[in-house]
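Taking it in order: structure first as structure tokens, then the write-up.
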Amino acid sequence: MKPSIPKGTRDFLPEQVARRNYIFNTIREVFELYGYVPIETPVMENLSTLTGKYGDEGDKLLFKVLNNGDFLKNADPEALADMDSRKLVPSIAKRGLRYDLTVPFARFVTMHQNDIAFPFKRYQIQQVWRGDRPQRGRYQEFFQCDADVVGSDSLMYESELLKIYDTVFSKLGINCTIKLNNRKVLFGLAESQGVQDSFMAMTVAIDKIDKIGKEGVLKEMESRDIPRGKAERILEMLQIKELELLEKEFENSPTGLKGIEELKTCLAYLGSTDTHNEIRFDMSLARGLTYYTGCIIEVQANDYEIGSIGGGGRYDNLTGSFGLDGVSGVGISFGAARIYDVMDGLKLFPESVDRMLQILILAIDDEAHSYAFQFLSKLRERGVSADLYPEPTKIKKQMKYADKINVPHVIIIGSEEMQSGQFTLKNMKSGDQSTMDLEQLIERFS
């Protein structure tokens, strides 16, 4: 059998895992700097938890997990006979792989509301699964790195999350644009054209503008019963860059004006701080997920074509679907897989990230190998990352292995080193050599 993996998934070699961990650690450090605490949720959730939270498009992308044992035993016979998969699924699958970390977090908050203090600031770095068509920058299995705050309506938190994006991407060396909009503004857009009953259809279409272009968006809105003339006017209004100009268009939309007010408040918080990347209002930002109710955020890398590398927003009503009303939330997510691809493509990873092992010890003979193992233990006890080639074979072979694993330094131990207690440290890149004893080695590398 030829070995393979499911489409949309990837293996990660040691170097790739080290680079991914560099991204995770950078994000984690910033999350904790801003006072967020870690939680974890199960890989699987009940399908009743997941369905209906992401819109029709999202529900189609959920991975379902078949019931244990004979999953057809309790299958709906009528749905099975009619080959009606949508009707059949509830009878053969009760669980699904999580689509994102936000909905499971809302379920978590509801279940643990008596164990946490509000406002509750959490971060989570775990895998999610989506049945998207695999393509460059889009995978079916990937990590998300989320930060959310629940239990407060304060727009300070929107500004704080924007600052987290700015700080993380600055530390990673990614030049980006952080886009900001508000779902209430988008509702005001629909209301100003008298198509508020088609609000969700409008936002779903607008959210695809980068993929299908303006003409594609116009056609999709028309197919969803938005007249051509109104659709064209909506696209024209998406070009408005100034909130003050938008206020004139929303004179008859209290919801739209409320959205503008929220954006102004959020930007006012940011105005008193320093930022490294551009943060700007973008009327065309829609984010199609149905649970967003206020500010929405998306991040684009400026120097690499890959789509968004982060996004999020305010979701006032998400916990309500689990029976906990009146708990507002706002959060962001980092697209770790795409961030990796951006950093790899732009060569932004520090050289040191790939070098987990500091020293490889090479032994001349059996006696030296036994001595080297004891020497190795002393290095490790003092916090030096070191390893020993498993057998005292030809030095040429051992050196070839050292080159292949990209270790930065080697030490060769023979009878002379055993007697003198002095060891020659060779820099594998420059070829430079220096002699030192055990304590000097430890002082340099620990």
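Counting only residues 5 or more places away or on other chains, whose amide H sits under 5 Å from the amide H of I361 once H atoms are built in the peptide plane?
For I361, whose amide H was placed from the backbone, the distant partners under 5 Å are D387, L388, Y389, I411.
Calculate the FRET efficiency for K219 and D59 from the Cβ-Cβ distance with a Förster distance of 22 Å, rounded to the nearest 0.05.
In this case the efficiency is close to 0.40.
Relative contact order of the stretch 138-291, please, whole-number percent, based on alpha carbon pairs below 8 angstrom and at least 6 residues apart.
41
Using amide H atoms built in the peptide plane, which far-off residues or other-chain residues are under 5 Å from V65 H to H?
For V65, whose amide H was placed from the backbone, the distant partners under 5 Å are R95, G96, L97.
Based on the Cβ-Cβ distance from N67 to D365, what FRET efficiency comes out when R0 is 60 Å, to the nearest 0.05?
0.45
How high is the FRET efficiency from R138 to A268, r the C-beta distance, R0 45 Å, rounded to 0.05?
So the FRET efficiency works out to roughly 0.80.
What is the distance, in nm, between label points placed 7 Å from the Cα along the Cα-to-Cβ direction at E244 and at D210?
Placing both labels 7 Å along Cα→Cβ, they lie 3.0 nm apart.
Over the chain, calculate the relative contact order: mean separation of alpha carbon pairs under 8 Å at least 6 apart, over the residue count, as a percent.
Taking the mean separation of contacting Cα pairs over the length of the chain, I get 15 percent.
Between the DSSP loop rule and a limit of at most 13 other Cβ atoms within 10 Å, which GluC sites (Glu not before Pro) in the stretch 296-359 are left?
Hits after loop and neighbour filter: E305.
Leaving out ligands, DNA and RNA, and with a 1.4 Å probe, what % of the accessible surface on the chain is carbon or sulfur?
Result for the chain: 48 percent of the exposed heavy-atom area is carbon or sulfur.
Given Cα pairs under 8 Å that are at least 6 residues apart, what percent is the relative contact order of the stretch 99-199?
Worked out over the stretch 99-199, it gives 20 percent.
Per residue, what accessible area does the stretch 383-446 have, given a 1.4 Å probe and all protein chains present, in Å²?
61
When the Karplus curve 6.51 cos²θ - 1.76 cosθ + 1.60 is applied with θ = phi - 60°, which whole-Hz ³J(HN,Hα) does each residue of the stretch 229-240 get, with x for Gly and Pro?
x, 5, 4, 5, 5, 4, 5, 4, 5, 5, 7, 5
Modelled label-to-label distance, S4 and L438, 7 Å Cα→beta-carbon offset: nm?
According to this spin-label approximation, the distance is 5.5 nm.
I want to verify a result. In a Gaussian network model of the chain, Cα cutoff 10 Å, which of these has the top mean-square fluctuation: D153, D207, D84?
Among D153, D207, D84, the largest mean-square fluctuation in the Gaussian network model of the chain belongs to D84.
Which of rounded, prolate, oblate describes the stretch 177-242, given a ≥ b ≥ c as roots of the alpha-carbon gyration tensor eigenvalues and a/c under 1.5 marking rounded, otherwise prolate only if a/b is larger than b/c?
In terms of gyration-tensor shape, oblate.
I need the shape label for the stretch 316-446. Rule: rounded when a/c is under 1.5, else prolate if a/b > b/c, else oblate, with a, b, c from the alpha carbon gyration tensor.
Prolate shape, in that a/c is at least 1.5 and a/b is the bigger ratio.
For the pair V43/R355, report the inter-label distance in nm, with labels modelled 7 Å from Cα in the Cβ direction.
Result: 3.6 nm between the two label points.
Residues of the stretch 305-325 with the amide nitrogen closer than 18 Å to a label point 7 Å from the Cα of Q126, along Cα-to-Cβ, please.
It comes to 319, 322, nothing else.
Give the separation of the Cα centroids, the stretch 264-315 to the stretch 331-387, in Å.
Here the answer is 37 Å between Cα centres.
When a/c is below 1.5 the answer is rounded, else prolate if a/b is larger than b/c, else oblate, so apply that to the stretch 205-313 with a ≥ b ≥ c taken from the square roots of the Cα gyration tensor eigenvalues.
Cα axes put the stretch 205-313 in the oblate bin.
What value, in deg cm²/dmol to 500, does the helix sum -39500 (n - 2.57) over DSSP H runs of n ≥ 4 give at 222 nm once divided by the residues of the chain?
The helix-only estimate for the chain comes to -12500 deg cm²/dmol at 222 nm.
Using the Karplus curve 6.51 cos²θ - 1.76 cosθ + 1.60 with θ = phi - 60°, work out ³J(HN,Hα) for each residue of the stretch 242-254 in order, rounded to whole Hz, and write x for Gly and Pro.
Coupling constants for the stretch 242-254: 10, 5, 5, 5, 5, 4, 5, 6, 9, 4, 9, 10, x Hz.
Counting only heavy atoms of the protein chains, get the accessible area per residue of the stretch 250-322 (1.4 Å probe) and round it to a whole Å² value.
About 42 Å² of surface per residue is accessible.
The values are calculated or read from the model by the stated rules, or taken from the named source; none is laboratory data. Remember, predicted model here, so these are calculated numbers, not experimental data. Ideal geometry is used to build each Cβ from the backbone, glycine not excepted, and the neighbour counts take in all protein chains shown. With ligands, DNA and RNA removed, areas are computed over all heavy atoms of the protein, side chains included. Shrake-Rupley method; radii C 1.70, N 1.55, O 1.52, S 1.80 Å.
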